[in-house]
Amino acid sequence: MIRNLDASIRSLIPELIETRRDLHRRPEIGFDLQRTSEIVANRLESLGFEVRRNVARTGVVGLWRGNGGENAKTLAFRADMDALPLQEENTHDFVSVFPGRMHACGHDGHTAILLGLARWLAERPTRFSGNVKLIFQPAEETPGGALPMIEEGVLENPRVDRIFGLHLWPMKQIGRVGVRSGPIMASADHFELTVKGRGGHGAMPHLSVDAVTVAAQIVTALQSIVSRNIDPLEPAVVTVGALEAGSNHNIIAETAFMKGTARAFSAEVRKRFPEQIRQIAEGVAHGMGAKIDFDWHAYYPPTINDKQSTDFAAEAAAEILGADGVHEAKPSMGAEDMSYFLENVPGSYFFLYAGNAEKNITAPLHNPRFDIDEDALALGVAIFARISERYFG
């Protein structure tokens, strides 16, 4: 894989690894990415990019102007920069120095790849006929940095014509990419539901309305949304991830609190979720003498790839990895706020496989032992570089 890379990409490998490891040692979370964004902005400025700092608080945008004038096309690439509130359990020599924080989703690698692309652009002998815009986004994990960046104009001045992004994917063996036109990742919305019963003594349940029993029935009944209310050919998930109630063995709980997520690839299915969940919960609670409070929080829409852009990315990747290195990915019920960029601009988001069983790199995303085969960093730069070359001819 590495041996077939162009010399201009091979020369970047030490810096790619050093950057990724530096960011991995000092992970930052959400919008609080002061050190990370400072590193990114300073690096871009040193390479001659036009830089916008503090977009959506700590986002950074770098613009590499081509020689095509005011009407030139603009190609964009996006990387997320934030880490997770997770205690790392790896034993390599660049583990996180901050307790309870870890780059467990590969965003350190995404950032390193885009900075590698920046250096590759700066070291090209001639500029493209169009512009390349590099978008470094905060808060992908939560609460979502893409939408505020868009609202602050990152897709304008100059207007972005097409956008690409990638996600490092250690669950698959390095040397391939996973591409898919249409939905590749699901929507992700959250709900909170409180059951209000009547507390009492555990020995006298007939004088109470047991919130635990009601909540248990609601959790079970919610599974009928996917199994009985949605077309079986439409993938969907409703998960109750937390249920809290009660204080002692002989006290019937007056309230129970639950929270969960609902996910789908279809905008129509997604739109129906809140009312379906509310109706089922209210119906169960009413039949058992209880009431509910229900709150719905809409987060990320489905990540939907443009077919032309996906074909374009697949062709570029095949030139780097060979035809057998391009794989049609299964869609993931995970979610990504890259979806907001793709709602506004045609583009494609793909998986760059970065696992390696021989190196024991197989842990999934959001795992305390998450890691990547760092050879994937150069492959990511090479694919983005080839997309750029093909796009501008």
Check: Using alpha-carbon positions, what is the distance between the centroids of the stretch 1-31 and the stretch 91-120, in Å?
Finding: 8
Check: About the Cα centre of the stretch 55-139, what is the dipole size in debye to 20, counting +1 per Lys and Arg Cβ and -1 per Asp and Glu Cβ, all else neutral?
Finding: 580
Notebook entry, point to check: How many lysine pairs in the chain, separated by 8 or more positions in sequence or lying on different chains, have Cα atoms less than 26 Å apart?
Noted result: 15
Next item on the list: Averaging sequence separations of C-alpha pairs under 8 Å and six or more residues apart, then dividing by the length of the stretch 125-255, give the relative contact order as a whole percent.
Entry: 23
Notebook entry, point to check: Looking only at the stretch 248-290, which residues have a backbone nitrogen under 11 Å from a spot 7 Å from the Cα of S224 in the C-beta direction?
Noted result: 280-281, 283-284
Notebook entry, point to check: Does the stretch 149-246 classify as rounded, prolate or oblate by the C-alpha gyration tensor (a ≥ b ≥ c root eigenvalues; a/c under 1.5 gives rounded; else a/b over b/c gives prolate, otherwise oblate)?
Noted result: prolate
Notebook entry, point to check: Where both partners of a DSSP beta bridge lie in the chain, what percent of those bridges are antiparallel, to the nearest 5?
Noted result: 65
Checklist line | Amide proton proximity set for A329, modelled H, under 5 Å, gap of 5+ | finding: V179, R180
Note to self: Can you compute the charge dipole magnitude of the stretch 228-278 about its Cα centre, using +1 on each Lys and Arg Cβ and -1 on each Asp and Glu Cβ, nothing else charged? Give it in debye, rounded to the nearest 20.
What the structure shows: 140
Item checked: Student exercise, the chain dipole from Lys, Arg, Asp, Glu Cβ charges, in Debye to nearest 20 -> 300
Notebook entry, point to check: Extension gain K291-L233, at 0.36 nm per residue separation less the Cα-Cα distance, in nm?
Noted result: 17.5 nm
Check: Where does helix 267-287 land angle-wise versus the long Cα axis of the chain, in degrees 0 to 90, nearest 10?
Finding: 20
Next item on the list: Evaluate the distance, in nm, between pseudo-label points positioned 7 Å from the Cα of T126 and of R35 along their respective Cα→Cβ axes.
Entry: 4.3
Note to self: As I understand it, the dipole of the stretch 9-150 uses +1 on the Cβ of Lys and Arg and -1 on the Cβ of Asp and Glu, about the Cα centre. Which of S129, W64, P85 lies farthest toward its positive end?
What the structure shows: S129
Notebook entry, point to check: Taking H as built 1.01 Å from N, whose amide H comes closer than 5 Å to the amide H of L168, not counting residues under 5 places away?
Noted result: L352
Check: Quick one: how many Å² of E141 are accessible to a 1.4 Å probe, rounded to 10?
Finding: 40
Next item on the list: Scan [x] 40, 23, 18; [y] 44, 22, 20; [z] 34, 27, 22 for the value of semi-axes √(5λ) of the Cα gyration tensor in Å calculated from this model and give just the label.
Entry: [y]
Note to self: Quick check on the stretch 37-186: take the gyration tensor over C-alpha atoms, sort the square-rooted eigenvalues as a ≥ b ≥ c, and tell me if it's rounded (a/c under 1.5), prolate or oblate.
What the structure shows: prolate
Check: Which listed residue (P301, N4, G380) has the Cα farthest towards the positive end of the charge dipole for the chain, taking +1 on Lys and Arg C-beta and -1 on Asp and Glu C-beta about the Cα centre?
Finding: N4
Check: In whole Hz, what ³J(HN,Hα) sequence does the stretch 238-246 give by Karplus (6.51, -1.76, 1.60; θ = phi - 60°), x for Gly and Pro?
Finding: 10, 10, 8, x, 8, 9, 10, 6, x
Checklist line | Rounded, prolate or oblate (a/c below 1.5 giving rounded, otherwise prolate when a/b exceeds b/c) for the stretch 1-107 by Cα gyration tensor | finding: oblate
Checklist line | H190-V97 FRET efficiency (beta carbon distance; Förster radius 30 Å; 0.05 resolution) | finding: 0.45
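The values are calculated or read from the model by the stated rules, or taken from the named source; none is laboratory data. All values derive from a computational prediction rather than experimental measurement. Quick reminder, even Gly has a Cβ in these numbers, built from the backbone with ideal geometry, and neighbours come from all protein chains shown. Ligands, DNA and RNA are excluded from the accessible area calculation, which covers all protein heavy atoms including side chains. Shrake-Rupley method; radii C 1.70, N 1.55, O 1.52, S 1.80 Å.
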